[in-house]
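Written below as structure tokens is the structure these notes are about.
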Amino acid sequence: MTFAATVLTLYPEMFPGPLGVSLAGRALREERWSLDTVQIRDFATDKHRSVDDTPAGGGAGMVLRADVLAAALDSVTDGRPVLAMTPRGKALTQERVRQLADGPGAIILCGRFEGFDERLFEARDIEPVAIGDYVLSGGEMGALVLLDACVRLLPGVMGAASSGIEESFESGLLEYPQYTRPYEWEGRVIPEVLRSGDHARIAAWRKARSESDTRLWRPDLWERHVDARVQSPSGAHKQDEGQKK
Ligand code: SAH
């Protein structure tokens, strides 16, 4: 079974776009995943083919109509998860990406203008997804991001099967820093431990750097990681020992 993506958009010409090159592009040609687009405007019913209207209550911009979006969505709904790109959604995580990649695919709704009529989320089973705390001009880039993250996890897409496991976020931490030849560059050398061949020392160094970099750059992730450790039985035990001293 291949991962089937369907993207509902006003700009189908944006797809596959960057997903047509490199690993994702090769996987697309090898039919490890599929990508269809649906032009939302095809589901407009009035003679002007309008998909949007002015915001109720006033304000700038236009809002995508629930009736048109629902008709577009209903034309493709088949049990795959339906996600809508919106800054008001839950932030996308590696954990959710992995779940999606393990499933049959995704139907992704891309917003434009001021976004969607809220009633759409009440009337259909739709997961609102944000790709970060910033505002894009449309959901298409978000859909590309989400699909890229999923596709690289599909079987046979990445070269080394193991390279997905140790990465940033997979363990709740950022990945350790990487180095490659030349050994010396502009007077800087690769950390000696990485050249030692001592796998236990290398693993310990990587773990320590992963932890210190997460603490430094992503205190939010670090806090969650520490909380999770304290709540696990072994973590709770460690904390008790700490209190005895
Ligand atoms: N007025 C809206 C923003 C609309 S931006 C608000 O303030 O919440 C237009 C479209 O771009 C959105 O409908 C959505 O599909 C997409 N978009 C913008 N920022 C996004 C983000 N951080 N994550 C996912 N989609 C986003």
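Placing one equal scatterer on every Cα of the stretch 1-78 and applying the Debye formula, the log10 ratio I(q)/I(0) at q = 0.16, 0.19, 0.22 Å⁻¹ is -0.71, -0.86, -0.99. In the chain, the DSSP beta bridges split such that about 20 percent are antiparallel, to the nearest 5.
Between rounded, prolate and oblate, where does the chain land on the alpha carbon gyration tensor, with a ≥ b ≥ c its root eigenvalues, rounded for a/c under 1.5, else prolate if a/b exceeds b/c? It is prolate, given that a/c is not under 1.5 and a/b is the larger ratio.
Treating r as the C-beta distance of Thr2 and Thr93 and R0 as 22 Å, the FRET efficiency rounds to 0.40.
Full extension of the chain segment joining Arg124 with Tyr179 gains 15.0 nm, where the gain is 0.36 nm per residue of separation less the Cα-Cα distance.
For the stretch 84-214, averaging the sequence separation of C-alpha pairs within contact (under 8 Å, six or more residues apart) and dividing by the residue count gives a relative contact order of 26 percent.
Legend: residues Met1, Met62, sorted from most to least accessible area (1.4 Å probe; ligands, DNA and RNA excluded), read Met1, Met62.
A 1.4 Å probe over all protein chains sorts Arg65, Arg215 by accessible area into Arg215, Arg65, starting with the largest.
Amide hydrogen proximity for Leu8: with H placed 1.01 Å from N in the peptide plane, the residues at 5 or more positions away or on another chain lying under 5 Å are Val38, Ile108, Leu109, Cys110. Here the dipole of the stretch 124-217 is about 360 debye; that uses its Cα centre as origin and unit charges on the Cβ of Lys and Arg (positive) and Asp and Glu (negative). Across the stretch 1-76, C-alpha contacts under 8 Å between residues 6 or more apart give a mean separation that, scaled by the residue count, equals a relative contact order of 30 percent.
Ranked by the mean number of other Cβ atoms within 10 Å per residue, highest first, peptides 183-191, 10-18 order as 10-18, 183-191. When the Cα atoms of the stretch 103-220 are aligned to their principal axes, the ranges along those axes come out at 60, 32, 25 Å in descending order. In this structure, Ala228 and Ile202 have a Cβ-Cβ separation that, at R0 = 35 Å, corresponds to a calculated FRET efficiency of about 0.90. Ranked by solvent-accessible area (1.4 Å probe, protein heavy atoms only, all chains present), the residues Ile202, Ile108, Ile131 order from largest to smallest as Ile131, Ile202, Ile108. Measuring with a 1.4 angstrom probe and ignoring ligands and nucleic acids, Glu170 comes out at about 50 Å² accessible. Computed about the Cα centre, the dipole magnitude for the chain is approximately 760 debye when only Lys and Arg (+1) and Asp and Glu (-1) carry charge, each at its Cβ.
Relative contact order of the chain: 18 percent, from C-alpha pairs under 8 Å at least 6 residues apart in sequence.
The values are calculated or read from the model by the stated rules, or taken from the named source; none is laboratory data. Please read all numbers here as calculations on a predicted model, not as lab measurements. Neighbour counts are summed over all protein chains in view; Cβ atoms, including those assigned to glycine, are modelled from backbone coordinates with ideal geometry. Calculation scope for accessible area: heavy atoms of the full protein, side chains included, ligands and nucleic acids excluded. Shrake-Rupley method; radii C 1.70, N 1.55, O 1.52, S 1.80 Å.
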